[in-house]
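To start, the structure under review is shown below, and the notes come after it.
The values are calculated or read from the model by the stated rules, or taken from the named source; none is laboratory data. Owing to the predicted nature of the structure, the values given are computational and were not obtained by experimental measurement. So basically every Cβ, Gly included, is an ideal-geometry build from the backbone, and we count neighbours across all protein chains shown. Side chains are part of the model used for accessible areas, which takes the heavy atoms of the whole protein and leaves out ligands, DNA and RNA. Shrake-Rupley method; radii C 1.70, N 1.55, O 1.52, S 1.80 Å.
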Amino acid sequence: MSELRRFLGDLATGLAAALLPSPERERLASSRGVHVAPFSLLLGLIELALGILLFMAGGLAFMRGGATATSLLLLENWDPTLSTTHFQGAGLVNWLAWMLHPVAWLFASVALVGMARCVAYAATREAVPEPAVWALLRLWQAAGARLEERRRRQALGPERPDRLERRPDGGLVLFTQHERPDWNEDVTIEVEGRFYRLSGVEQRRHGPWAVLAYRLEEREASEVVRGLVRYRPSEEG
């Protein structure tokens, strides 16, 4: 029973991971030690067969109704010059109308994604994400990032100047509203002619508002400078 439970768990994880883009796919797969590529192939075969089946079945259903309506129209407007060729041409028109129908595109896209999965597995042994899942996940993440940024801006409050605080050990703490993505542990930060390195950054409360606190430690004169960033205490970001 435990082996069956593990198999079903790996199957569910593998199929779910095959739908996801990277790096979400790798994170989910590594949580159970599952290799995703075979599951992507399995999903691709299912999508390819299902997409073709739906496309053909939907086309037959669509054309059956269209052919009936077209035939009745021709019969109602019968002319001695009409022949079976006209009825065959009506069938071709109905087929072309199905090819342009949005539902046909949906079914065809399922088959095409399945084909892409099979080709990717044969060529590189790599998994291919589901386009719809990729788009929805990225939109969700973008919306979440914008919401988080709005909340952070609201917490930081109105525009105000930076503030430097000197610590007893010779280090500095910069209180600011502005993120500085170019500040990291590998660069040297020059402040008033002295050199520091970043030891950490955190968000703190400062009165009614939040503030970003960049902790700077003074560098030794013998340390190698890999990159230099200059900061002037009067700047506000």
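Need the C-alpha centroid separation for the stretch 26-46 versus the stretch 86-157, integer Å. Value for the Cα centre distance between the two parts: 19 Å.
Taking every DSSP beta bridge with both residues inside the stretch 111-237, roughly what % is antiparallel (nearest 5)?
Working: 22 of 26 bridges.
In the stretch 111-237, DSSP labels about 85 percent of beta bridges as antiparallel.
If Lys and Arg each add +1 and Asp and Glu each add -1, what is the summed charge of the other residues whose beta carbon sits under 13 Å from the beta carbon of Ala111? With Lys, Arg at +1 and Asp, Glu at -1, the neighbours total 0. Does the stretch 106-237 come out rounded, prolate or oblate, given a ≥ b ≥ c as the square roots of the eigenvalues of its C-alpha gyration tensor, rounded meaning a/c under 1.5 and, failing that, prolate meaning a/b above b/c? In terms of gyration-tensor shape, oblate. Across the stretch 146-152, rounded Karplus estimates of 3J(HN,Hα) from the backbone phi angles (6.51 cos²θ - 1.76 cosθ + 1.60, θ = phi - 60°) give 5, 5, 5, 5, 5, 5, 5 Hz, Gly and Pro being marked x.
Here the Karplus relation 6.51 cos²θ - 1.76 cosθ + 1.60, evaluated at θ = phi - 60°, turns the backbone of the stretch 25-41 into coupling constants of 4, 5, 5, 5, 5, 5, 5, 10, x, 9, 8, 7, 3, x, 5, 5, 5 Hz, with x for every Gly and Pro.
Could you work out what % of the accessible surface of the stretch 137-204 is carbon and sulfur, using a 1.4 angstrom probe and leaving DNA, RNA and ligands out of the count?
Working: 2290 of 4310 Å².
That fraction is 53 percent.
For the stretch 157-210, what does the accessible surface come to per residue with a 1.4 Å probe? Please give it in Å². Don't skip to the answer; put the middle values down first.
Values: 3170 Å² over 54 residues.
Per-residue value: 59 Å².
As a calculated quantity, the FRET efficiency between Ala132 and Leu228 at R0 = 45 Å, using C-beta atoms, amounts to about 0.45. Phi-derived couplings, Karplus 6.51 cos²θ - 1.76 cosθ + 1.60 at θ = phi - 60°, listed residue by residue for the stretch 133-139: 5, 4, 5, 5, 5, 5, 5 Hz, with x used for Gly and Pro.
Placing R0 at 45 angstrom, the Cβ-Cβ distance between His206 and Asp10 gives a FRET efficiency of 0.35 after rounding to 0.05.
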